[in-house]
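Working notes for the structure below.
The values are calculated or read from the model by the stated rules, or taken from the named source; none is laboratory data. Predicted model, so just to flag it, every value in this text is computed and none were measured. Counting neighbours? That spans all protein chains shown, and the Cβs are built from the backbone with ideal geometry, glycine included.
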Amino acid sequence: MSSVSEQLNRFGWDEWFDAKVQEKGLEGHGIARVVAVDRDQLLVINESGEFRAKLAGRFLYTVDKPSDLPCVGDWVYIQYSGSDDFGIIHDVVPRKSFLRRKTAGDAIEYQMIASNIDVALIVQSCQFDFNVNRLERYLVMVRNGHVHPVVLLTKTDLVSPNTLQQLIVEIRSAGITTDVIALSNISGEGVNSVRDLLQSGKTYCLLGSSGVGKSTLINQLIGRQVLETKMVSGTGEGRHTTVRRELIVLNNGAMLIDNPGMREFGILGAEEGIGSSFADIYELASKCKYADCSHSNEPGCAVLNALEEGSLHRAHYQNFVKLKSESEFHDLSYLEKRNKDKAFGRYIKSVKKDLGIKRK
């Protein structure tokens, strides 16, 4: 590892990124990590500290799609100004892992949430927010981006121990085997378990709906009021405060990305994540009579047999069917859109070429 890389490894740099830089042939450029994105300006950090940067015009011109633009957690190739307090970003180092979703609404495109994440902390409240189907959706997104998931159940002070145990049973009944940490930001119970999870030089991202206590948890981990929080409602539901994604370096050297609550997140290009999250159903599917079994009404379907026997949870199966159908639909729409974009790009190039010939 080079001397520059050694100075950056406390922010998550390692040999994997060293190899990617060598492949690109851009060893002469500076390297920094994106801390926050504010419209056309970015806040980045390197061995000298935090400073502002903007995207080079040439880089913007060559970007193929919005998801190729830098997001929080990205490493970027950067050229510094004379005073070294501002930089120009020329490219993005390939991503080791990522969190992305389909853009909200009808648009069929990827939206990057964060990149180069080691662990995603999926936060659900024990009270108003708990939903196993939504948890499985998060797990598909996380595993599809090669990120390790951990589930945090917050606001345990609002439910009885028996209710908490029932919630954990629901999670396990859905075939979810990932670690679960129950905690309360009010009593402090479980917060140390989260703190012990965070390792120096590793990057963690908090995911969850608005008001589940993500910002409050970060303030607990930091030990002071850094992120704004608001009073909870009468039902125990928190009020949304986080308005942008931001990478925060904790005192122990771990990095934590807070994330605004997501009201919706569609599944796009997530076949790998579905395969990992529903591995039990894929294992059953390998025993079906027909290789192209749709697991809906075919004779000899091992998945349907497991449903009838009760060894496969029906809600888990129904969510699998829903997410798989959604992903396949969006994947097809995305492919059609990309083909149209490429065809239009070729048309524009041909027109420019023709105009250039006429000017001669």
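A few points about this structure:
- Filtered by the rule that a residue be touching a strand residue (DSSP E or B) at 6+ places or on another chain (Cβ under 7 Å) and free of Cβ contacts under 8 Å to residues at least 40 places away in the same chain, the range 15-42 gives 40, 41.
- Residue count, the range 299-314 (criterion: surrounded by fewer than 14 Cβ atoms within 10 Å (Cβ to Cβ) and either over 28 Å from the mean Cα position of the chain (by Cα) or touching a residue at least 24 places away in the same chain (Cβ under 8 Å) (or both)): 6
- Qualifying residues in the range 25-49 (those that are under 26 Å from the mean Cα position of the chain (by Cα) and exposed (fewer than 14 other Cβ atoms within 10 Å of the Cβ)) - the one modelled with the lowest pLDDT: 39
- Members of the range 122-165 that are closer than 14 Å to residue 101 by Cβ and polar (S, T, N, Q): 144
- Residue 59 vs. criteria closer than 30 Å to residue 6 by Cβ, part of a helix (DSSP H, G or I) and at pLDDT below 95: yes
- Against the numbered list (1) surrounded by 18 or more Cβ atoms within 10 Å (Cβ to Cβ); (2) at pLDDT below 95; (3) within 21 Å of residue 20 (Cα to Cα), residue 74 comes up short only at (2).
- Residues of the range 140-165 satisfying the condition of being crowded, with 20+ Cβ neighbours inside 10 Å, under 15 Å from residue 181 (Cβ atoms) and either among the charged types (D, E, K, R) or within 23 Å of the chain's Cα centre (by Cα) (or both): 149, 151, 152, 153, 154, 155
- Among the residues making up the range 1-24, a single one is modelled with pLDDT of 85 or more and polar (S, T, N, Q): 9.
- Within the range 270-289, the only residue that satisfies the criterion of being outside any helix (DSSP H, G or I) and under 15 Å from residue 178 (Cα atoms) is 278.
- Applying the criterion of being assigned to a helix (DSSP H, G or I) and under 26 Å from residue 307 (Cα atoms) to the residues of the range 166-202, the residue that is nearest to the chain's Cα centre (by Cα) is 171.
- Scanning the range 215-257 for residues that are at pLDDT below 85, buried (at least 16 other Cβ atoms within 10 Å of the Cβ) and of a type in the set (D, E, K, R), we see that the one that is nearest to residue 112 (Cα to Cα) is 245.
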